[in-house]
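Heads up: the structure comes next, in structure tokens.
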Amino acid sequence: MQEDFKSQSPKMEARNNFAVAHAGSIFETVNWEDGHGLKLEAVRRSPGARLMIETEKDGMKALLMTREIRREANGYDIRLPGGKVFDSLKDFQEYEKSRKDILPVAEAAAKKEGKEEAGISGGEYSLFEVSKAGASVEWDLFYFRVVGAEIGEQELEKGEMGKIETITLSAKEIFEKLSKREIKEGRSADMLWRWLNENGFIKFA
């Protein structure tokens, strides 16, 4: 009988002769060999954090989100608050060398971004999921669910002032904006669909 795929424990990929071939200010190109001697290459950058801040609106679950001016969207985009886990690629490289668990650092970064971009304090943080960009582009996004946070005033950095505002969207409004493709960061859109499904807002007859 074939073993159920989900029951198999993931194994760490062997990265022999790992080396940084080129490093820019945000991305770096890395090379390594797998356990069979196959030469592989990827580009990677410091991971990011995103917050799913739960609240209520119109008698249903809602999320505190942001409306931001984004270059890649050529205007405004509706987004989940968040930012970088490390301030620079160098900081990320140094932390990786320590081989410490990155999750506590990602959670600390999420709390910092929550305070600055969304104006929240307190609350319970739990990991919702880690989104992977792909095999040859490594850019992990840590999605945290936040419950019971107190919502206050934003503490934006100087360059962000006037560009980011908070908005509260009910589950119904999130569904409508996703359906109209008004939430343009694809990986966050995927997580929002999952959040809607997990909370019973997507049903089929």
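Computed from the coordinates by the stated procedures, all read-outs in this text should not be read as laboratory data. A quick note: this is a predicted structure, and the numbers were derived from the prediction, not measured. Using ideal geometry, Cβ is built from the backbone for each residue, glycine included, and neighbour counts are taken over all protein chains shown.
Near residue 70, the amide H atoms lying under 5 Å from its own belong to 75, 76, 77; only residues 5 or more places off or on other chains count, and H is placed 1.01 Å from N. If I model the range 19-110 as equal point scatterers sitting on the Cα atoms and use the Debye formula, what is log10 I(q)/I(0) at q = 0.12, 0.14, 0.20, 0.26 Å⁻¹? The computed values of log10 I(q)/I(0) come out as -0.58, -0.73, -1.07, -1.26. Distance check, please: which entries in 61/111; 57/180; 84/132; 90/184; 39/84 exceed 23 angstrom between their Cα atoms? Checking Cα-Cα distances, 90/184; 39/84 exceed 23 Å. Each residue in 153, 124 was given a count of other beta-carbon atoms within 10 angstrom of its own, and listing them fewest first yields 153, 124. Computed as a quarter of the hull surface, the mean projected area of the alpha carbon convex hull for the range 46-198 stands at 9.7 nm².
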